[in-house]
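Scroll down for the structure; my scribbles are underneath it.
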Amino acid sequence: MKEKLKAIVEEALEKIKDSQELDKLNEIRVAFLGKKGELTEILKSMKDVEPQERPVIGQLVNEARSILEDNLDEKKKYFAQKLRREQILKETIDVTLPAKKPMIGHRHPNSIALEEVERIFVGMGYEVVEGPEVEYDYYNFEALNIPANHPARDEQDTFYVTGDILLRTQTSPVQVREMEKGRLPIRIIAPGRVFRSDAVDATHSPSFHQIEGLVIDRNITFADLKGTLAEFAKQLFGENTRVKFRPHHFPFTEPSAEVDVTCFKCQGEGCRFCKGSGWIEILGCGMVHPRVLKMSGIDPKQYSGFAFGVGLERIALLKYEIDDMRLLYENDVRFLKQF
């Protein structure tokens, strides 16, 4: 038994010495020290050893196991150190090489246009406010003079969450919430995302952005509205820009108008961009309907005001001459790099 143990240890040590990789070392450990390993088999055969010899043989087996485990651990440390040295050599950094230029993001055309619009109106003394995108039917429709049976509801295909809760179709609810606070006068713009059940094409999307403005004070007239929008157009599209107001109808304003600006490509002479008319439509506006003021707790005999709304994507498409709205949402870096 002693000679057999000695032969097993010598064989194992030789194999450990000759092993060249960690997987092979694990195979040696299993072959000699595993559940079915050679040393384990000797322990199982202890029942055949004379009783007086068992303590001696048991001690020899334990000593052999200890020798093999020490040598296996030592060889394993050697492999770990060798692997570490190889990794260090592979990962050596040559500080004299040119650095890799990091990819830098680009501002989105919508963000650029929004910042410019905010800068213009903040410069006029307006405050930028926000409101919830998930809104009550009351704020989105009823408080804006659009009752349940009003035909304007058919024009705005609405995403309803419940019978009384919806995804807002416009940012006008923010104006109602500001008026209900009762802090007069009011001079705000309300940019934000809105939702309508539109098919996706070059000029429509189920999710887009609007910027709405509201002014409430004593003695506000349509002339104030015209002057404000004329100044806005000049700062946005150029000093020579002129505006034209066309009569229109909105339930929450009376009188109402749509606003055109002179084409900034041809300066009003007519071109492909403005379809030969010399004018480009940019927004809708009007004087706040007395009923809307009254529903929000403001006395229409004491106060008046005007409101306007413009599509943010509309501004971006016009200002940067983008011919397809879908390009704004495809996150194509080649497109965004141009801005």
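The values are calculated or read from the model by the stated rules, or taken from the named source; none is laboratory data. None of these values were measured; they are calculated from a predicted model. Don't worry about glycine lacking a Cβ; one is built from the backbone with ideal geometry, like all the others, and counts go over all protein chains shown.
Of all residues in region 1-27, those that are farther than 22 Å from Asn62 by Cβ have Cβ atoms under 6 Å from Cβ atoms of residues that are of a type in the set (Phe, Trp, Tyr) and at pLDDT 75 or above, 6 or more apart or on another chain, in Leu22/Phe79.
The residue pairs whose first member lies in region 165-188 and is under 20 Å from Gly284 (Cα atoms), whose second member is among the acidic types (Asp, Glu) and in a helix (DSSP H, G or I), and whose beta carbons are closer than 8 Å, counting only pairs six or more residues apart or on different chains, are Ile186/Glu178; Ile188/Glu178.
The residues of region 294-339 include none that are of a type in the set (Val, Ile, Thr) and touching a Lys or Arg at 6+ places or on another chain (Cβ under 7 Å).
Listed by first and then second residue, the pairs with beta-carbon distance under 6 Å, at least 6 apart or on different chains, first residue in region 262-280 and assigned by TED's automatic domain parsing to the domain that holds Glu321, second outside any loop (DSSP other than H, G, I, E, B) and crowded, with 16+ Cβ neighbours inside 10 Å, are Cys263/Ile280; Phe264/Phe237; Gly268/Thr262; Cys274/Ile280; Trp279/Asp260; Ile280/Val261.
Once region 163-197 is narrowed to residues that are of a type outside the set (Val, Ile, Thr) and in a helix (DSSP H, G or I), the residue that is surrounded by the fewest Cβ atoms within 10 Å (Cβ to Cβ) is Glu180.
Taking region 253-274 as the search range and keeping residues that are over 18 Å from Asp224 (Cα atoms) and in contact with a Ser or Thr (Cβ under 7 Å, 6 or more places away or on another chain), which one is surrounded by the fewest Cβ atoms within 10 Å (Cβ to Cβ)? Going through the qualifying residues, I end up with Gly270. Do the conditions hold for Leu184, that is, is it in the same structural domain as His289 (by TED's automatic domain parsing), closer than 27 Å to Gly297 by Cα, under 24 Å from the mean Cα position of the chain (by Cα) and at pLDDT below 95? No, not satisfied.
Considering Glu258, Glu254, Glu269, Glu231, the condition of being outside any loop (DSSP other than H, G, I, E, B) and over 21 Å from Leu312 (Cα atoms) is satisfied by Glu254 alone. Of all residues in region 204-228, those that are more than 37 Å from the chain's Cα centre (by Cα), in contact (Cβ under 8 Å) with a residue 60 or more places away in the chain and not in a strand (DSSP E or B) total 6. For Val200, state whether it is crowded, with 20+ Cβ neighbours inside 10 Å, touching a residue at least 12 places away in the same chain (Cβ under 8 Å) and within 22 Å of the chain's Cα centre (by Cα). No: the conditions fail for Val200.
Note on region 106-149: residues that are assigned to a loop (DSSP other than H, G, I, E, B) and either in contact (Cβ under 8 Å) with a residue 12 or more places away in the chain or hydroxyl-bearing (Ser, Thr, Tyr) (or both) amount to 14. Within region 87-146, restricting attention to residues that are more than 21 Å from the chain's Cα centre (by Cα) and polar (S, T, N, Q), the residue that is farthest from Lys234 (Cα to Cα) is Gln87. The number of residues in region 282-338 being surrounded by fewer than 16 Cβ atoms within 10 Å (Cβ to Cβ) and outside any helix (DSSP H, G or I) comes to 14.
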